[in-house]
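This report refers to the structure that appears directly beneath it.
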Amino acid sequence: MTRGKGRRPRDGPFVNRWALLAIPPIGFLVAFFLVPLIVVSLRSVTDFPKPTGDVLANYGRFFASAANLRVLGNTFWVAALSTVVCLALGYPYAYLMNLVRPRVAGLLLIAVLLPFWSSLLVRTYAWQVILRDTGIINTFLLDARVIDEPIPLIRTTLGVMLGMSQILLPFMVLPIYAVMRRIDPEYTRAAANLGAPPFAAFRRVFLPLSLPGVLAGSLLVFVLALGFYITPALLGSPKDTMISQFIASAVQQRLDWGIGATMAVILMGLTLAVLFIASRFIRLRDVYGSIEES
Amino acid sequence: MTSWRRHSPLVAAAVFLVAACGGGASSAPTAAPPESTAPESAAPTTAPVADICTSPPMAEGTTLTFVSYGGAYQEAQRKGWLEPYAALTGVTFQESEDSSNATIKAQVEAGQVTWDIVDVGNDFGLDAQADLLEPLDYTKIPKDEILEGFAGTYRVADITYGVVLGYNTEKTAGQVPEGWADFFDTTKFPGKRGFWDYSSGGIFEFALLADGVAPADLYPLDLARATAKLDTIKDDIVFWSSGAESQDLLGKGEVAMAMIWNGRAYSAKNIDNKPVEIQWNQQIVTADYFVVPKGTPNKDAAMDFIGWASCKENNAAPSKYIPYGPTNKLATADPSKVAELSVSNINDTTAYFDDAWVVENAQLLEDAYQEWKTR
């Protein structure tokens, strides 16, 4: 850890002159992130398509529509599902990366990062080409006479999961891998010495130690997934509509910035609520802390 | 229509400039002094409209920002209008390919207007957006020559196009759908159906036409009736959100029939060489419009350009490159494209959007649409 000349009060934060370096970035964030966020959020109580005295008119409008609530619920459902899918795929992948030689781990890392280097839209359209009724998979199976009718792969939740998990997997794998790397293999060996079978050693020693990474990755994937709308729109059915799609349509097509801001505020509020609830059960410090120790 | 991209890729066979207008007019009677400001639309000596059409005011040093939807659509506008106009008047055009109603609103509200002439869809430019736009100068624009209903206080149509029923002849096995009733008949014409994923794009209108409503009786839209009709094929609907996607879906045969813009169907057939045909019955003829954002410093020069582009000599120039129609009744479209134009295929079954009603009820439409769609 850095050794500055500052005082280190017991049980307190570590502050010294170097902390002043944080002021420009914080100032930047306040000016270009926090302030615009507040300005836009205020639009939800000031922008109305027709003048009205009711300050909460937009909120009233939002909650009055069953479709809005349905889609809001679906947004969280799809985000949760994506998190679970990414976890199911990402944890074994990170474990594998941890197990193999560094060079192979490097290759595995590149493989999972590769999607980052192409456009999200291109990737999503590529999935369309693969999954649709006249796409690669179906054409192949039809030509091989394995099936008579195209399998519905696109416009299903399966399609959405494939698209979203490909994009979000790096966000799950990297934090988990970062934590796994720092787990001393001596611990699992000690457990084996004491008589634990391999799986028990994994379950009772390795897994709990890797939990901070799992939580960090899950939180990241969940929050990111909440904001997705292009991928579900192109690969999913109307039932997979996400709230961001509504926000985009309100802002760009109907120029109704009031309701757009309202939906954004509601989404943000619910996300913060999720984080708050999560913080009751997990120490968020662990999530950040997974990167701290050296 | 909306602020979605809609460009129709097309082979520009000949890159000949339109020679309709008098070439290289170097000294117009009302030539302005060579300053950087646009010439005043002050009292001309002859009829203003005729003057503008053949020799628009010189404007050396003026830069006009022209905004449209990019792709081959804007390419056709560039070749048909921008380049000839620049050669005539000395104006420099700066282009943007990201036309968006939201950007106009943002610019005007911030007081920083940089766009001069914007091509927008049929859902913009109405009285509802009066505070965002400059009223058009109809002393320069030949209003009487524009098709009925396509010239408004704040907007004038620059191209017409049709929202049509496109079908894949392989998927329909040679049968020809006669209209929207056949579109909703999945027994006679099995296969999926494509619809634009937009509540104000025509989906309700087409459902009503399929259900037997006459074009004149479409508005106010009977949404309950329309959604009931849509429910009959709901599981077979594939929603597209961009012109390119619609062209692809229909061309590949992912859908047997689709609601599609005529330029896109044309491209699927003639450029992609796919078995796609258009059923012109019960098409909706609509247009894209030129608007001028409020507060732009180059207002007069923008009005000059719009006036020039609306004249019968110049209006049809882009039709040389894309099958999108002129809006001036007296303009003659390029012979190679005339048959493909929406306006050439108008008959008794043709319908039109009631733009004012649609914009006024945008929220209602959106709510009903999403309610039906996400059920």
When DSSP assigns beta bridges and you keep just the ones with both residues in the protein assembly as shown, what percent turn out antiparallel, to the nearest 5?
60
Using a 10 Å cut-off around each Cβ, can you sort B:ILE322, B:ILE237 from fewest to most neighbouring Cβ atoms?
B:ILE237, B:ILE322
Under the Karplus curve 6.51 cos²θ - 1.76 cosθ + 1.60, θ = phi - 60°, whole-Hz ³J(HN,Hα) for region B:237-247, x wherever Gly or Pro sits
8, 10, 8, 10, 10, 9, x, 4, 5, 5, 4
Could you sort out which of B:LYS192/B:LYS252; B:LYS234/B:LYS274; B:LYS79/B:LYS294; B:LYS171/B:LYS274 sit more than 23 Å apart by Cα distance in this structure?
B:LYS234/B:LYS274; B:LYS79/B:LYS294
To the nearest 10 degrees, the tilt of helix B:101-110 (Cα long axis) against the first principal axis of the alpha carbons of chain B is 40
Between A:GLY236 and residues 5 or more places away or on another chain, the pairs with built amide H atoms under 5 Å apart involve A:ARG155
Can you run phi through the Karplus equation (6.51, -1.76, 1.60; θ = phi - 60°) for region B:264-273 and list ³J(HN,Hα) in whole Hz, with x for Gly and Pro?
6, 5, 4, 5, 4, 7, 9, 9, 7, 6
Taking H placed 1.01 Å from N in the peptide plane, check which residues at least 5 places from B:VAL238 or on another chain put their amide H under 5 Å from its amide H.
B:ARG193, B:GLY194, B:PHE195
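Could you tell me whether region A:69-289 comes out rounded, prolate or oblate from its Cα gyration tensor? Rule is a ≥ b ≥ c as square roots of the eigenvalues, rounded for a/c under 1.5, then prolate if a/b exceeds b/c, otherwise oblate.
Details: a/c = 2.39, a/b = 1.34, b/c = 1.78.
Oblate shape, in that a/c is at least 1.5 and b/c is the bigger or equal ratio.
Would you mind ranking B:THR153, A:THR231, B:THR187 so that the residue whose beta carbon has the fewest other beta carbons within 10 Å leads the list? Please report the intermediate quantities before stating the final value.
Working: B:THR153 14, A:THR231 28, B:THR187 5.
Ranked by crowding around the Cβ, least crowded first: B:THR187, B:THR153, A:THR231.
Could you size up the charge dipole of the protein assembly as shown around its Cα centre, putting +1 on the beta carbon of Lys and Arg and -1 on that of Asp and Glu, and report it in debye to the nearest 20?
On the way: 53 positive and 65 negative charges, 852 e Å.
With Lys and Arg at +1 and Asp and Glu at -1, about 4100 debye.
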When DSSP assigns beta bridges and you keep just the ones with both residues in chain B, what percent turn out antiparallel, to the nearest 5?
60
Sort B:THR186, B:THR89 so that the residue with the fewest other Cβ atoms within 10 Å of its own Cβ comes first and the one with the most comes last.
B:THR186, B:THR89
Expected vector for region B:54-68, Karplus 3J(HN,Hα) from phi with 6.51, -1.76, 1.60 and θ = phi - 60°, integer Hz, x for Gly and Pro, equals 9, 9, x, x, 5, 8, 4, x, 7, 10, 10, 9, 10, 10, 9
Signed unit charges on C-beta, dipole axis of the protein assembly as shown, positive-most listed residue A:GLY260, B:THR296, B:PRO142
A:GLY260
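Throughout, read-outs are computed from the coordinates displayed, never taken from laboratory work. Keep in mind that what you see is a predicted model, and the values were worked out from it rather than measured. Note that we place each Cβ from the backbone using ideal geometry, even for glycine, and neighbour counts take in every protein chain shown.
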